[in-house]
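Working notes for the structure below.
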Amino acid sequence: MKGPKKKRLSAYLDPDVMNALADYSARRDVSLSLVAEAAIASFLSPDAEERKEAAITRRLDQIDRRVQRVERDVGVAIETLALFVNFWLSSTPVLPESVRAEARAKGPQRYDRFVAALGRRLSKGPKLRQEIAANVPAAPPAGTDELPAR
């Protein structure tokens, strides 16, 4: 014996919604009624809220992982800069007065070359975070934060 006969529903839809419904049903090769019935059943389903919550939770987890990567990258950048400044200040002698003016004059040219080199590295070279992940040796003993000899 057949189940109860389906009831007819007449509904008014915005043209955009109707077009989307027609496109979806055509792509799936099913009737408009079948798609509309499935959508309404899903909307009225008691687990619809649970599915929405699960989807939101997945998205939040993805965002959390991305934020953690950004925090790690920012931490690497800060430590890299601090280590470089410390190394540079410790190893670069103070210039004698006689060459300071010449050094100041060449500063902008050297900076421009640095920015150009940075641009080339960012556009095609490996990122520092990738090099670190691939080349990190075991942590040195405490108090030995020295740069390796090249």
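Points to keep in mind about this one:
- Matching residues, the stretch 40-67, being among the hydrophobic types (A, V, I, L, M, F, W, C) and closer than 28 Å to Ser10 by Cβ: Ile40, Ala41, Phe43, Leu44, Ala48
- Within the stretch 16-65, the residues that satisfy the criterion of being of a type in the set (Val, Ile, Thr) and under 27 Å from Lys6 (Cα atoms) are Val17, Val30, Val35, Ile40.
- Taken together, Leu32, Leu44, Leu13, Leu9 contain a single residue that is over 30 Å from Lys127 (Cα atoms), of a type outside the set (Ser, Thr, Tyr) and in contact with a helix residue (DSSP H, G or I) (Cβ under 6 Å, 6 or more places away or on another chain), which is Leu32.
- When restricted to residues that are more than 34 Å from the chain's Cα centre (by Cα) and surrounded by 10 or more Cβ atoms within 10 Å (Cβ to Cβ), the stretch 20-44 contains 14.
- Filtered by the rule that a residue be in contact with a helix residue (DSSP H, G or I) (Cβ under 7 Å, 6 or more places away or on another chain) and within 18 Å of Leu118 (Cβ to Cβ), the stretch 81-99 gives no residues.
Only the coordinates and a few stated rules stand behind these numbers; no lab work does. In this text the structure is predicted, and so the values were computed from the model without any measurement. Because the Cβ atoms are built from the backbone with ideal geometry, glycine has one as well, and the counts that use them run over all protein chains shown.
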